[in-house]
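Have a look at the structure below, then the notes.
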Amino acid sequence: MSEYLLEEIFLKRSQQKKKTSPLNFKERLFILTLDKLSYYDYDLDKGKKKGLKGTVDIDKIKCVETVQTEPSAPTERQYPFQIIYDEGPLYIFAKSDEIRKQWIHKLKHVVRFNKDLMQKYHPCFWMDGMWQCCQQEVKQAMGCRVLEPKNGGFSNRSRRQSRKPLPPTPEEEKPLRPLPPQPPEQPALSSRA
């Protein structure tokens with residue numbers, strides 16, 4: 001089993017994979033390793049991990065980003081973030097902004113070389129059959145906001161690059177040849193009027 005990178009109890013929003021699924025929130029124990037994000041049922045009274053409720057393979061993650069807090073959200077839902085993977089968004093609520101930033105930073109680090117990273121994302125929740133930010137009604141619709149490199153977007157420089165050195169340029173390969181000598185200047189002919 002992989003070493004735990006992070007472990008935390010978060011509030012998780014139901015993924016509503018079916019149209020008739022209810023919208024609810026449950027506390028889950030999340031454990032991040034190098035290859036999986038797993039979440040478990042958790043007994044708060046006994047402080048004990050119970051049954052596995054779900055996993056997300058790290059190589060399937062396409063985006064990790066904050067989500068705008070819902071208007072009039074209760075205290076326990078003030079620090080949301082999303083993990084977008086092939087089955088859609090997974091919404092998680094941290095207990096503080098510090099914990100949320102720590103998890104987003106670590107997740108972005110772990111997924112930085114994934115091949116299907118998104119260039120755009122939805123900054124708001126999927127709710128009531130549409131994206132709250134752009135009113136698109138298709139859950140798999142392309143995002144409406146471009147990921148900035150400083151916010152976890154991935155510029156070409158951050159992609160995995162070859163570790164081999166580049167071949168030498170022609171200038172580096174051989175010394176420059178001197179220019180051929182210039183022909184002597186012809187004396188100017190004076191014109192007589």
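The values are calculated or read from the model by the stated rules, or taken from the named source; none is laboratory data. All figures in this text were calculated on a predicted structure; none of them were measured in a lab. Cβ atoms come from the backbone with ideal geometry, glycine included; neighbour counts cover every protein chain shown.
Side notes on the structure shown:
- Exactly one residue out of Asp35, Asp45 is surrounded by 11 or more Cβ atoms within 10 Å (Cβ to Cβ) and more than 17 Å from Trp126 (Cβ to Cβ): that is Asp35.
- Glu76 meets the conditions (1) surrounded by fewer than 20 Cβ atoms within 10 Å (Cβ to Cβ); (2) under 20 Å from Leu147 (Cβ atoms) in every case but one. The failed one is (2).
- Of the residues in region 95-117, at least one is more than 20 Å from Ile58 (Cβ to Cβ) and surrounded by 15 or more Cβ atoms within 10 Å (Cβ to Cβ).
- Selection from region 38-82 of residues that are among the β-branched types (Val, Ile, Thr), touching a helix residue (DSSP H, G or I) at 6+ places or on another chain (Cβ under 8 Å) and within 17 Å of Lys95 (Cβ to Cβ): Thr66, Thr69
- Scanning region 55-73 for residues that are touching a strand residue (DSSP E or B) at 6+ places or on another chain (Cβ under 7 Å), of a type in the set (Asp, Glu) and surrounded by 13 or more Cβ atoms within 10 Å (Cβ to Cβ) turns up just one, Glu65.
- Cross-chain or 6+ apart pairs with Cβ under 7 Å, region 24-39 first and closer than 14 Å to Ile58 by Cβ, then of a type in the set (S, T, N, Q): Ile31/Ser38; Thr33/Ser2; Leu34/Ser2; Asp35/Ser2; Lys36/Thr55; Leu37/Thr55; Ser38/Thr55
- Screening region 28-140 for strands (runs of 3 or more DSSP E) wholly inside it with 2 or more residues that are among the basic types (Lys, Arg) returns the ranges 48-57.
- Residues that are aromatic (Phe, Trp, Tyr) and at pLDDT below 85 occur at least once in region 148-158.
- Test result for Glu8, part of a strand (DSSP E or B) and over 19 Å from the mean Cα position of the chain (by Cα): yes
- Entry remark, region 3-23: residues being modelled with pLDDT of 95 or more and at positive phi number 0 in total.
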